[in-house]
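Heads up: the structure comes next, in structure tokens.
The values are calculated or read from the model by the stated rules, or taken from the named source; none is laboratory data. Being a predicted model, the structure only gives us computed values, none of them experimental. Cβ sites come from the backbone with ideal geometry, for glycine too, and all protein chains shown count toward neighbours. For the accessible areas, the whole protein counts, side chains as well, though only heavy atoms, and no ligand, DNA or RNA atoms are used. Shrake-Rupley method; radii C 1.70, N 1.55, O 1.52, S 1.80 Å.
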Amino acid sequence: MSFDDDAIRSAATTDPIGFVADLPARVILDEVQHVPHLFAALKAAIDRDRRPGRFLLTGSTNVLLLPKLGDSLAGRMAIVHLHPLAQCELAGERPSFLDRLFGQGFPMRPFERLGAALPERIVAGGYPAAGAMVRDVRRNDRAA
């Protein structure tokens, strides 16, 4: 469920306890920073049933930095930071850094320079949604 959806966000804001009670056994709640009142209801639900993995909270903001939310789920959640994909992952290639680091080492070999492709890779970023966008769409969004 995404709290970018006005109806879902309104339901969670209007009745946070009822909203959490009606959630499925396992659920992903995206953009949770939009519904700060939901955290108290989630905390109560977790305190009643401590089985891990029931709620996966995602968002584009670090909830620990939001006022009054930093300690609301202390001891009840784990934070995982999403890092961008490596260039080899974006190219669909198998990563070899660790194999080279602990195995054969880093033999000197020439690599093709990216040249004109370098700015495009930088602008594309390393997250899946951004990488999946058509190049011209990204350009149009920047110009807007």
Filtering the stretch 38-49 for residues that are of a type outside the set (Gly, Ala, Ser), open to solvent by 60 Å² or more (accessible area, probe 1.4 Å) and in contact (Cβ under 8 Å) with a residue 24 or more places away in the chain leaves a count of 2
Of everything in the stretch 1-37 that's acidic (Asp, Glu) and in a loop (DSSP other than H, G, I, E, B), which residue is most open to solvent (accessible area, probe 1.4 Å)? ASP22
Exactly one condition in (1) on the phi < 0 side of the Ramachandran plot; (2) in contact with a strand residue (DSSP E or B) (Cβ under 8 Å, 6 or more places away or on another chain) is false for GLU31; which is it? (1)
Flagged in the stretch 107-138 as at pLDDT below 75, farther than 13 Å from GLN87 by Cβ and open to solvent by less than 100 Å² (accessible area, probe 1.4 Å), in numbering order, are PRO107, PRO128, ALA129, ALA130, ALA132, MET133, VAL134, ASP136, VAL137, ARG138
Residues of the stretch 1-11 being of a type in the set (A, V, I, L, M, F, W, C) and farther than 17 Å from SER60 by Cβ, in sequence order, are ALA7, ALA11
Close pairs from the stretch 71-95: first without any contact (Cβ under 8 Å) to a residue 12 or more places away in the chain and more than 30 Å from ARG51 (Cα to Cα), partner surrounded by 12 or more Cβ atoms within 10 Å (Cβ to Cβ) and of a type in the set (D, E, K, R), Cβ under 7 Å, at least 6 apart: PRO95/GLU89
For the stretch 82-96, state whether one or more residues are among the hydrophobic types (A, V, I, L, M, F, W, C), under 26 Å from ILE122 (Cβ atoms), open to solvent by 60 Å² or more (accessible area, probe 1.4 Å) and more than 22 Å from the chain's Cα centre (by Cα). no
